[in-house]
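*Asks:* The structure is given below, and queries will be raised subsequently.
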Amino acid sequence: QVQPVESGGGSVQAGGSLKLSCVASGSGYRFNTCASHWYRQAPGKERELVSTISSDGTTTYADSVKGRFTISQDFAKNTMYLEMASLKSEDTAVYYCALGSPQYGICGLYWGQGTQVTVSS
């Protein structure tokens, strides 16, 4: 099975930067086939989509992070990244990667357990 593992979270001051990583472990993962995503969830709030990267490299971002966050992937390392700059207190959340991989002819998502990002004002 595919098991994504996030890392790179931590505590930073407002205006600081962090780079999150999501590594696919296990077997059977096809990185360069389906779209993958970063989500985040703050306590008491619904999980929201932060960014998406398609198999051809096309990227999209939530309006709240556009211009500050950058999603990328390194196929050779089976790793997806989220570079976060100019961080705000509103960015405080648990960040989850969701890696896309074919499942019975369609693209399914494999979820990591999350990494905490805390931004102090």
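The values are calculated or read from the model by the stated rules, or taken from the named source; none is laboratory data. None of the values given here were measured: they were computed from a predicted structure. All Cβ positions, glycine included, derive from the backbone under ideal geometry; neighbour counts span all protein chains shown. The protein model used for the area step is the full one, side chains on, heavy atoms only, and it has no ligands, DNA or RNA in it. Shrake-Rupley method; radii C 1.70, N 1.55, O 1.52, S 1.80 Å.
*Asks:* Name the residues in the range 52-74 that are part of a loop (DSSP other than H, G, I, E, B) and of a type in the set (Ser, Thr, Tyr), would you? I'd like the intermediate steps shown before the answer.
*Replies:* Residues of the range 52-74 that are part of a loop (DSSP other than H, G, I, E, B), as a first pass: 54-58, 62-68.
Answer for the range 52-74, where residues must be part of a loop (DSSP other than H, G, I, E, B) and of a type in the set (Ser, Thr, Tyr): Ser54, Ser55, Thr58, Ser64.
*Asks:* Please go through the range 84-110 and give me each residue that is at pLDDT below 95 and assigned to a strand (DSSP E or B), ordered by number. If you could, list the steps in order and put the result at the bottom.
*Replies:* First, the residues of the range 84-110 that are at pLDDT below 95: 99-110.
Leu99, Gly100, Ser101, Pro102, Gln103, Ile106, Cys107, Gly108, Leu109, Tyr110, listed by residue number.
*Asks:* Say we look at the range 111-121 and pick out the residues that are outside any loop (DSSP other than H, G, I, E, B) and of a type outside the set (A, V, I, L, M); which of these is least open to solvent (accessible area, probe 1.4 Å)? Even if it seems obvious, please write down each step before you answer.
*Replies:* Kept after step one, since they are outside any loop (DSSP other than H, G, I, E, B), are these residues of the range 111-121: 111, 115-120.
With the extra rule that they be of a type outside the set (A, V, I, L, M), the set shrinks to 111, 115-116, 118, 120.
Numbers: Trp111: 94, Thr115: 18, Gln116: 89, Thr118: 53, Ser120: 49 Å².
Per the stated criteria, the residue is Thr115.
*Asks:* When both residues are 6+ apart or on different chains and their Cβ atoms are under 7 Å apart, which pairs have a first residue that lies in the range 59-77 and is modelled with pLDDT of 95 or more, and a second that is crowded, with 16+ Cβ neighbours inside 10 Å and in a loop (DSSP other than H, G, I, E, B)?
*Replies:* As it stands, the answer is none, since no pair meets every condition given.
*Asks:* Based on what the data block shows, is Cys34 outside any strand (DSSP E or B), modelled with pLDDT under 95 and among the hydrophobic types (A, V, I, L, M, F, W, C)?
*Replies:* Values: outside any strand (DSSP E or B): yes; modelled with pLDDT under 95: yes; among the hydrophobic types (A, V, I, L, M, F, W, C): yes.
For Cys34, the condition - outside any strand (DSSP E or B), modelled with pLDDT under 95 and among the hydrophobic types (A, V, I, L, M, F, W, C) - is met.
*Asks:* So Ser21 clears everything in (1) in a strand (DSSP E or B); (2) open to solvent by less than 50 Å² (accessible area, probe 1.4 Å); (3) at pLDDT below 95 except one condition, right? Which one?
*Replies:* Ser21 satisfies all of (1) in a strand (DSSP E or B); (2) open to solvent by less than 50 Å² (accessible area, probe 1.4 Å); (3) at pLDDT below 95 except (3).
*Asks:* Can I ask one more? In the list Gly16, Gly8, Gly105, which residue meets the criterion of being over 13 Å from the mean Cα position of the chain (by Cα) and at positive phi?
*Replies:* Details: Gly16 fails: at positive phi; Gly8 fails: over 13 Å from the mean Cα position of the chain (by Cα).
Selected residue: Gly105, the only one of Gly16, Gly8, Gly105 that is over 13 Å from the mean Cα position of the chain (by Cα) and at positive phi.
*Asks:* Could you please let me know if Ser51 is among the small types (Gly, Ala, Ser), open to solvent by less than 50 Å² (accessible area, probe 1.4 Å) and either within 13 Å of Leu18 (Cα to Cα) or at pLDDT below 95 (or both)?
*Replies:* Details: among the small types (Gly, Ala, Ser): yes; open to solvent by less than 50 Å² (accessible area, probe 1.4 Å): yes; either within 13 Å of Leu18 (Cα to Cα) or at pLDDT below 95 (or both): no.
So Ser51 fails the test.
*Asks:* Oh, and also: Taking the options Ala35, Ala76, name whichever one is open to solvent by 80 Å² or more (accessible area, probe 1.4 Å), more than 18 Å from Gly9 (Cβ to Cβ) and among the small types (Gly, Ala, Ser).
*Replies:* Working: Ala35 fails: open to solvent by 80 Å² or more (accessible area, probe 1.4 Å).
Checking each option against the conditions leaves just Ala76.
*Asks:* Report yes if some residue within the range 40-47 is assigned to a strand (DSSP E or B), modelled with pLDDT of 95 or more, open to solvent by less than 40 Å² (accessible area, probe 1.4 Å) and touching a Pro at 6+ places or on another chain (Cβ under 9 Å); otherwise report no.
*Replies:* Start the filter on the range 40-47 by keeping residues that are assigned to a strand (DSSP E or B), which leaves 40-41.
Subsequent filtering for residues that are modelled with pLDDT of 95 or more retains 40-41.
Subset that is open to solvent by less than 40 Å² (accessible area, probe 1.4 Å): 40.
Retained after the next criterion (residues that are touching a Pro at 6+ places or on another chain (Cβ under 9 Å)): none.
No.
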